[in-house]
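Notes follow once the structure below has been shown.
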Amino acid sequence: MRNLFLAATLFPATIALASCDATAAGDSAVPDPVAGTPVELDAGSPFTAQAYLDLKEGWAVAVEPGTGNLIITEKGGTAKYFQPATGTVREIFGMPDVAYGGQGGLGDVAFAPDYATSGIIYLSWAKADEGSARRAVAGRGTFSCNEEACAVSDLTQIWQQEPAIESFGHFSHKFAFAPDGQHLFISSGDRMQGDPAQDTSNNLGKVVRLNLDGSPAAGNPFADQGSPSDQIWSYGHRNLLGLQFDPDGQLWDLEHGPRGGDEINKIEPGANYGWPVRSNGINYDGSDIPDHSEDDGFTKPAIFWTPVIAPGDMIFYRGDMFPDWKGQALIAALGTTNIVRVDTDAATGTATEEARYAFPQRLRDIAEAADGSLWVVEDTPNGRLLRLTPAAAE
Ligand SMILES: [Ca+2]
Ligand SMILES: [Ca+2]
């Protein structure tokens, strides 16, 4: 194993197949995937599903620009590079040491906006601190492959939650890049602490907006309050497992409520979304949390779910394979083991659930391929990578 890692890091220039193959108009040239193993779905499902890889607690999937290949992270700290056109998979070396347990471990993966020329990818993970304290962190490094394996080299931490907390939950740590490629947004969960989400002197329970090197972006709403307040874009959040720009450039988040009150929010700078003062759910012990009301002074959810769907992540669909869904959100749901389709309206800050589609297992992540098909990651210790295309006509 070590030899593979050395080989992959010693000769990055000759093995950087990813960035070399990428072309500006290359997505239309991405070859079709090989056939997977058919997966049975409920009668009437709009999807045909095929399984490709076995995954152990798959957490995130990202599509490589230009090639259509995938990087998939697993919560325990491993990552895979999958080439759909050949069905081959390679281990990725150079992963960080992660604090695995509870909701913590290896997290999100994203290709840099300038990946075609830089080869840079971003990773997030839970990192051990003093005692049993942990924090979510983000880093970036250079991705390259040879015939046997792939590696992330020069992985450098660029951001962290402040402070570290003795909790195994609510790391969140999802990435979104601004449409112009100039800023990195990270969702930073409340670490199951509640009150810090209302306190702008820390970066827990927040959406942060950074430069691509992890430094605070200019123009953030609390820039005059010092660090880490100068990272904050919005606050009053709980556990944000979705963070995505819609095709019109509006940012939305998807977060877990407590018992009830999962929500999608239209994210605006300086806005306060109310957690833990307001929630359309209640505490796990049954005690009340006042619901949002018109006069509460907080930004209301665009849509909420009681009972919860326990979401894993979402995308905004842009492709042609499911043309009626263009511009709508597709949520991979853990709790209800389905894909939830939601129509968002940026003008009013509201959203409507359109449909739910059943799947056999908990769904952790969803991504759109260049051809408009969908890649879905199952969450369980015996999960799979699924490809979804339209169901055959009856
Ligand atoms: Ca409530
Ligand atoms: Ca994702």
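Of Thr348, Thr380, Thr344, which residue is more than 16 Å from ligand 2 (Cβ to nearest atom) and assigned to a strand (DSSP E or B)? Break it down stepwise before answering.
Details: Thr348 fails: assigned to a strand (DSSP E or B); Thr380 fails: assigned to a strand (DSSP E or B).
Matching residue, one of Thr348, Thr380, Thr344: Thr344.
Can you run down the residue pairs with Cβ atoms below 6 Å, 6 or more apart or on separate chains, where the first is in region 202-220 and in the same structural domain as Glu268 (by TED's automatic domain parsing) and in contact (Cβ under 8 Å) with a residue 40 or more places away in the chain and the partner is surrounded by 24 or more Cβ atoms within 10 Å (Cβ to Cβ) and of a type in the set (Asp, Glu)?
Between residues of region 202-220 that are in the same structural domain as Glu268 (by TED's automatic domain parsing) and in contact (Cβ under 8 Å) with a residue 40 or more places away in the chain and residues that are surrounded by 24 or more Cβ atoms within 10 Å (Cβ to Cβ) and of a type in the set (Asp, Glu), the close pairs are Leu204/Asp190; Gly205/Asp190.
Go through region 182-225 and give me each residue that's farther than 24 Å from Val277 by Cβ and assigned to a loop (DSSP other than H, G, I, E, B).
Once the filter is applied, which keeps residues that are farther than 24 Å from Val277 by Cβ and assigned to a loop (DSSP other than H, G, I, E, B), region 182-225 yields Gln182, Leu212, Asp213, Gly214, Ser215, Ala217, Ala218, Gly219.
I'd like the residue in region 282-328 that is among the polar types (S, T, N, Q) and farther than 29 Å from Gly104 by Cβ and, out of all such residues, is farthest from ligand 1 (Cβ to nearest atom). Please lay out each step first, then the result.
Just the residues of region 282-328 that are among the polar types (S, T, N, Q), to begin with: 283, 287, 293, 299, 306, 328.
Add one more test, that the residue is farther than 29 Å from Gly104 by Cβ, and what stays is 293, 328.
Working: Ser293: 10, Gln328: 27 Å.
Restricting to residues being among the polar types (S, T, N, Q) and farther than 29 Å from Gly104 by Cβ, the top hit is Gln328.
Look through Gly297, Gly335, Gly327 and report the one residue that is over 24 Å from Gly236 (Cα atoms), surrounded by fewer than 20 Cβ atoms within 10 Å (Cβ to Cβ), more than 16 Å from ligand 2 (Cβ to nearest atom) and touching a residue at least 24 places away in the same chain (Cβ under 8 Å). Spell out the reasoning first.
On the way: Gly297 fails: over 24 Å from Gly236 (Cα atoms); Gly335 fails: over 24 Å from Gly236 (Cα atoms).
Only one candidate qualifies: Gly327.
Specify which of the listed residues (Trp252, Trp275) is among the hydrophobic types (A, V, I, L, M, F, W, C), away from ligand 2 (no atom under 16 Å from the Cβ), assigned by TED's automatic domain parsing to the domain that holds Thr200 and surrounded by 17 or more Cβ atoms within 10 Å (Cβ to Cβ). It would help to see each step written out before you state the result.
Values: Trp252 fails: away from ligand 2 (no atom under 16 Å from the Cβ).
Trp275 is the lone residue from the list that is among the hydrophobic types (A, V, I, L, M, F, W, C), away from ligand 2 (no atom under 16 Å from the Cβ), assigned by TED's automatic domain parsing to the domain that holds Thr200 and surrounded by 17 or more Cβ atoms within 10 Å (Cβ to Cβ).
Can you name the number of the only condition in (1) under 30 Å from His256 (Cβ atoms); (2) more than 18 Å from the chain's Cα centre (by Cα); (3) surrounded by 17 or more Cβ atoms within 10 Å (Cβ to Cβ) that Ala128 fails?
All conditions pass for Ala128, except number (3).
The values are calculated or read from the model by the stated rules, or taken from the named source; none is laboratory data. Please read these numbers as outputs of a predicted model, since none were measured by experiment. Cβ coordinates were reconstructed from backbone atoms using ideal geometry, including for glycine residues, and neighbour counts include every protein chain displayed.
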